[in-house]
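What follows is a set of notes on a single structure, which appears directly below.
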Amino acid sequence: MIKFTDGTKKQLINLHNDLNVGLEGNILKVIETSDDDDFKEYINVCLNQDIDTRKKRVEVTKRVQEQNKQLIEWKNKNETIQTELKRALEVTNKAKLDAENNLDVLIKKNQNQMVNNIVTTSLVVILGVGFITTGLYWYTLFKGVENQIIESTWANMFSILLTNSFSIIGTIMGVKHMQNISENKNNLR
């Protein structure tokens, strides 16, 4: 046990009365107070204040721990939400790319159908005009009609048809070439 002198005891009591500063902690348990009632009362007051202070500290610690627990739960929920958002964004981006690819395929299909229609129609017109002109030419040959005009018309018609055929084929090849260049540029991005 620790014993204080009478002067030290008075100083401690005065310090507590004047500034409300008292001893605290485990030291209060080992101080000898049997011979002085005033000092005994001072130690009891300090012990009660120490108990109250410890209770307040424990309450604050529990509150802080509860708040930390809530913050950790919120953090985990936030991370879960962020992970779900990232997954949703990835799925959305994949769906967007699929839609763009499907659109490209549909556009190419439509372009190919259009080119096929143009080529088919052009061939039908070219062959039709060629057969009609040839038929008229043969008709004039067998009838014995003057066919010099029809002969030159027939030759001109075939040259025009041949020129138009090459023009159509060249245009289609040019469109296909431009599509390939466009696709290559898009693939490089």
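Consider Ser152 carefully, then state whether it is in a helix (DSSP H, G or I), in contact (Cβ under 8 Å) with a residue 24 or more places away in the chain and either out of contact with any helix residue (DSSP H, G or I) (no Cβ under 9 Å at 6 or more places or on another chain) or small (Gly, Ala, Ser) (or both).
Working: in a helix (DSSP H, G or I): yes; in contact (Cβ under 8 Å) with a residue 24 or more places away in the chain: no; either out of contact with any helix residue (DSSP H, G or I) (no Cβ under 9 Å at 6 or more places or on another chain) or small (Gly, Ala, Ser) (or both): yes.
Here the answer is no, as Ser152 does not meet what is asked.
Any idea which residue in the range 94-124 is farthest from the chain's Cα centre (by Cα), counting only those that are surrounded by 13 or more Cβ atoms within 10 Å (Cβ to Cβ) and β-branched (Val, Ile, Thr)?
First, the residues of the range 94-124 that are surrounded by 13 or more Cβ atoms within 10 Å (Cβ to Cβ): 111, 115, 118-119, 122.
Now drop any that are not β-branched (Val, Ile, Thr), which leaves 115, 118-119.
Numbers: Val115: 39, Ile118: 43, Val119: 45 Å.
Looking at the filtered set, the residue picked out is Val119.
Would it be correct to say that Val129 is assigned to a helix (DSSP H, G or I), touching a Leu at 6+ places or on another chain (Cβ under 9 Å), free of Cβ contacts under 8 Å to residues at least 24 places away in the same chain and under 22 Å from Thr171 (Cβ atoms)? Walk me through it before giving the result.
Numbers: assigned to a helix (DSSP H, G or I): yes; touching a Leu at 6+ places or on another chain (Cβ under 9 Å): yes; free of Cβ contacts under 8 Å to residues at least 24 places away in the same chain: no; under 22 Å from Thr171 (Cβ atoms): yes.
Considered against the rule, which asks whether it is assigned to a helix (DSSP H, G or I), touching a Leu at 6+ places or on another chain (Cβ under 9 Å), free of Cβ contacts under 8 Å to residues at least 24 places away in the same chain and under 22 Å from Thr171 (Cβ atoms), Val129 comes out as no.
Conditions (1) of a type in the set (Lys, Arg); (2) closer than 30 Å to Gly170 by Cα; (3) surrounded by 12 or more Cβ atoms within 10 Å (Cβ to Cβ), marked per residue:
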{"site": "Asp18", "(1), (2), (3)": "no, no, no"}
{"site": "Lys40", "(1), (2), (3)": "yes, no, yes"}
{"site": "Lys56", "(1), (2), (3)": "yes, no, no"}
{"site": "Gln82", "(1), (2), (3)": "no, no, no"}
{"site": "Ala88", "(1), (2), (3)": "no, no, no"}
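Right, Leu141: surrounded by 10 or more Cβ atoms within 10 Å (Cβ to Cβ) and over 30 Å from Met178 (Cα atoms) or not? Walk me through it before giving the result.
Working: surrounded by 10 or more Cβ atoms within 10 Å (Cβ to Cβ): yes; over 30 Å from Met178 (Cα atoms): yes.
It is true that Leu141 is surrounded by 10 or more Cβ atoms within 10 Å (Cβ to Cβ) and over 30 Å from Met178 (Cα atoms).
For the range 7-49, give me the residue count where each residue is hydrophobic (A, V, I, L, M, F, W, C), touching a helix residue (DSSP H, G or I) at 6+ places or on another chain (Cβ under 9 Å) and not in a loop (DSSP other than H, G, I, E, B). Even if it seems obvious, please write down each step before you answer.
First pass over the range 7-49, keeping only residues hydrophobic (A, V, I, L, M, F, W, C): 12-13, 15, 19, 21, 23, 27-28, 30-31, 39, 43, 45-47.
Among the residues that remain, those that are also touching a helix residue (DSSP H, G or I) at 6+ places or on another chain (Cβ under 9 Å) are: 12-13, 21, 23, 28, 31, 39, 43, 45-47.
From the residues that got through so far, the ones that are not in a loop (DSSP other than H, G, I, E, B) too are 12-13, 28, 31, 39, 43, 45-47.
Count: 9.
Does Ile13 satisfy the condition of being surrounded by 11 or more Cβ atoms within 10 Å (Cβ to Cβ), closer than 26 Å to Lys55 by Cα and modelled with pLDDT of 85 or more?
yes
Being more than 30 Å from Glu183 (Cα to Cα) and out of contact with any His (no Cβ under 9 Å at 6 or more places or on another chain) is the requirement here; does Leu19 meet it? Let's see the steps before the verdict.
Working: more than 30 Å from Glu183 (Cα to Cα): yes; out of contact with any His (no Cβ under 9 Å at 6 or more places or on another chain): yes.
It is true that Leu19 is more than 30 Å from Glu183 (Cα to Cα) and out of contact with any His (no Cβ under 9 Å at 6 or more places or on another chain).
The values are calculated or read from the model by the stated rules, or taken from the named source; none is laboratory data. Owing to the predicted nature of the structure, the values given are computational and were not obtained by experimental measurement. Neighbour counts run over all protein chains shown; Cβ positions are idealised from the backbone, glycine included.
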